[in-house]
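> Just dropping this structure here.
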Amino acid sequence: MTVQLRWRLRQVMASREVWTGKDLRELLTQRANFTLSAPSVYALINNEPTQMKTETLQALCTALRCTPNELYGVTPPREVSLVNESEATDATHAD
């Protein structure tokens, strides 16, 4: 199983009462001295990014005063045993 990431930009924006892409663009400019086009902001709000530049992530965190951990919800993988389950069962019954 792999680690699952969920893009949570909308939730982070809402928790900071940032309701529109225009508001986010203004915060990016004011707080992070960073400019993103309206279509880029729209894409970040409405779609989970497949890749992101570090400087964009830093700017979002600065503008929204959050951490990457808040922007990405993470579902950790379950523990994976290196021993085959049938081998483990056999070993416990061998005693």
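The values are calculated or read from the model by the stated rules, or taken from the named source; none is laboratory data. Everything numeric here is computed off the predicted structure, so don't read it as measured data. Cβ sites come from the backbone with ideal geometry, for glycine too, and all protein chains shown count toward neighbours. Accessible surface is based on the protein model in full, side chains and every heavy atom, while ligands, DNA and RNA are left aside. Shrake-Rupley method; radii C 1.70, N 1.55, O 1.52, S 1.80 Å.
> Can you tell me which of (1) farther than 18 Å from E70 by Cβ; (2) in a loop (DSSP other than H, G, I, E, B); (3) open to solvent by 60 Å² or more (accessible area, probe 1.4 Å) is the one R25 doesn't meet?
Every listed condition holds for R25 apart from (2).
> Just wondering, is there one or more residues in region 74-93 that are modelled with pLDDT of 90 or more and either part of a loop (DSSP other than H, G, I, E, B) or open to solvent by 80 Å² or more (accessible area, probe 1.4 Å) (or both)? Spell out the reasoning first.
Step one: list which residues in region 74-93 are modelled with pLDDT of 90 or more, which gives none.
Scanning region 74-93, I find no residue that is modelled with pLDDT of 90 or more and either part of a loop (DSSP other than H, G, I, E, B) or open to solvent by 80 Å² or more (accessible area, probe 1.4 Å) (or both), so the answer is no.
> Name every residue in region 1-22 that is of a type in the set (A, V, I, L, M) and open to solvent by 30 Å² or more (accessible area, probe 1.4 Å), in order of residue number. Break it down stepwise before answering.
Quick first cut of region 1-22, residues of a type in the set (A, V, I, L, M) only: 1, 3, 5, 9, 12-14, 18.
Those that are of a type in the set (A, V, I, L, M) and open to solvent by 30 Å² or more (accessible area, probe 1.4 Å): M1, V3, L5, A14.
> Any idea how many residues of region 53-69 are outside any loop (DSSP other than H, G, I, E, B), farther than 13 Å from R25 by Cβ and not acidic (D, E)? Before you say what the answer is, go through the steps one by one.
First, pick out the residues of region 53-69 that are outside any loop (DSSP other than H, G, I, E, B): 54-64, 68-69.
From what is left, the residues that are farther than 13 Å from R25 by Cβ are 54-55, 57-58, 61-62, 68-69.
In the following step, the residues that additionally are not acidic (D, E) were identified as 54, 57-58, 61-62, 68-69.
Of the residues in that region, 7 qualify.
> Let me ask something additional. Within the set of pairs 6+ apart or on separate chains, which have a first residue in region 14-38 that is without any contact (Cβ under 8 Å) to a residue 60 or more places away in the chain, a second that is crowded, with 17+ Cβ neighbours inside 10 Å and not in a helix (DSSP H, G or I), and C-beta atoms under 7 Å apart?
Correct list of pairs: L24/V18; R25/L36; L27/V18; L28/F34; L28/L36.
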